[in-house]
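The values are calculated or read from the model by the stated rules, or taken from the named source; none is laboratory data. Predicted model only: the values in this text are computed from it and were never measured. Cβ placement follows ideal geometry from the backbone for every residue including glycine, while neighbour counts extend to all protein chains displayed.
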Amino acid sequence: MPRPLWAPWRLEYVGTADEQEGCIFCRALEGTDEEGLVVHRGRAGFVLLNKFPYASGHLMIAPVRHTGEFGDLEDEEVLEVHRLAAGGIGALAQVYEPQGYTLGWNLGRIAGAGVTDHVHMHLVPRWAGDTNFMPVLADVKVLPEHLLETRGKLAAAWPG
Ligand SMILES: [Zn+2]
């Protein structure tokens, strides 16, 4: 079983997210699944891998529509994001057999959002002894499992 990974590189990511061109979610939608690390596409929502994961298989679920306003999500978007999260749990269970999951929305920079103008839910698989999101030993470089390989596995394991 793959071990959960620490994520010191997230700190750098949060600092540089603003410097990237355009919206990472909209860009992911425009490219191929491999380019955008998209795991599953729905009608009003889609699922992609976090390039800077807290753990192997860290997914993000976003509405297709570009909006930074949580309260402005349409019913269809809310429903599909929820259903896609359930699908992600199904795929993660099959591939990684995590012991639990953390799901959540970070709204605003202070809450930890690296991208604030396209709302998204995080789905993070959890194992006993993982970091509970606390960054550790920032100078230790831990390479994530190859993201393309993870994407392929989860896409193939998508339920339904
Ligand atoms: Zn966007």
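Yes/no matrix, rows are residues, columns are (1) more than 15 Å from residue 61 (Cβ to Cβ); (2) touching a residue at least 24 places away in the same chain (Cβ under 8 Å); (3) surrounded by fewer than 14 Cβ atoms within 10 Å (Cβ to Cβ); (4) of a type outside the set (Asp, Glu):
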{"position": "78", "(1), (2), (3), (4)": "no, no, no, yes"}
{"position": "87", "(1), (2), (3), (4)": "no, yes, no, yes"}
{"position": "92", "(1), (2), (3), (4)": "no, yes, no, yes"}
{"position": "96", "(1), (2), (3), (4)": "yes, yes, no, yes"}
{"position": "102", "(1), (2), (3), (4)": "no, yes, no, yes"}
{"position": "110", "(1), (2), (3), (4)": "yes, no, yes, yes"}
{"position": "118", "(1), (2), (3), (4)": "no, yes, no, yes"}
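Matching residues to (1) among the basic types (Lys, Arg); (2) at pLDDT below 95; (3) farther than 19 Å from residue 114 by Cβ:
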position: 33; (1), (2), (3): no, no, yes
position: 43; (1), (2), (3): yes, no, yes
position: 46; (1), (2), (3): no, no, no
position: 52; (1), (2), (3): no, yes, no
position: 55; (1), (2), (3): no, yes, no
position: 60; (1), (2), (3): no, no, no
position: 63; (1), (2), (3): no, no, no
position: 69; (1), (2), (3): no, no, no
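The set of residues in region 69-98 that are under 21 Å from residue 37 (Cα atoms) and part of a loop (DSSP other than H, G, I, E, B) comprises 96, 97, 98.
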